[in-house]
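First comes the structure, then the notes that go with it.
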Amino acid sequence: MIVVDCAGDVEFASKLVNYVKVQGINAKHEDSIVTINEGNVEEVLKLFLKDSNLSEYSVLKVDSENFVLAKEVPIEDFGFVRCELCGYVLSSEEELTTHRRAHGIQML
């Protein structure tokens, strides 16, 4: 059994279950958690997003039995900053400046 977390969106989970059932796959949902009895769920989820024209959503594989289906939101939308050299996420520009110095970058 595969578990798909629809990130709190119950309506979205319902649409996913309906789509999966039309494909002949057994599925059910409780709140925003969908359980699917099928092995190749990742491909089914990608097809669901494509057929439903939901390009702003992504399939995130947690492990072999758990997936998250949600919109990707840039960390900058939450006020975080990212190091352009290594991708490390920090909470402020001041912390980023200090972090950059660890890479040997001197800010004038």
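Details
- Matching residues in the stretch 12-25 - criterion: being in a helix (DSSP H, G or I) and touching a residue at least 12 places away in the same chain (Cβ under 8 Å): Phe12, Ala13, Ser14, Lys15, Leu16, Val17, Tyr19, Val20
- Subset of the stretch 27-68 (residues that are surrounded by fewer than 12 Cβ atoms within 10 Å (Cβ to Cβ) and either touching a helix residue (DSSP H, G or I) at 6+ places or on another chain (Cβ under 8 Å) or of a type in the set (Val, Ile, Thr) (or both)): Asp31, Asp51, Ser55, Val62
- At least 1 residues being of a type in the set (Asp, Glu) and under 16 Å from Met1 (Cβ atoms) is the threshold, and among the strands (runs of 3 or more DSSP E) wholly inside the stretch 26-108 those reaching it are 27-30, 57-63.
- Criterion applied to Val44, Val81, Val10 was being at pLDDT 90 or above, in the same structural domain as Arg100 (by TED's automatic domain parsing) and in contact with an Asp or Glu (Cβ under 8 Å, 6 or more places away or on another chain), and the one residue passing it is Val81.
The values are calculated or read from the model by the stated rules, or taken from the named source; none is laboratory data. Everything numeric in this text was worked out from a predicted model, so none of it was measured. For neighbour counting, all protein chains shown are included, and Cβ atoms are generated from backbone atoms with ideal geometry for every residue, glycine included.
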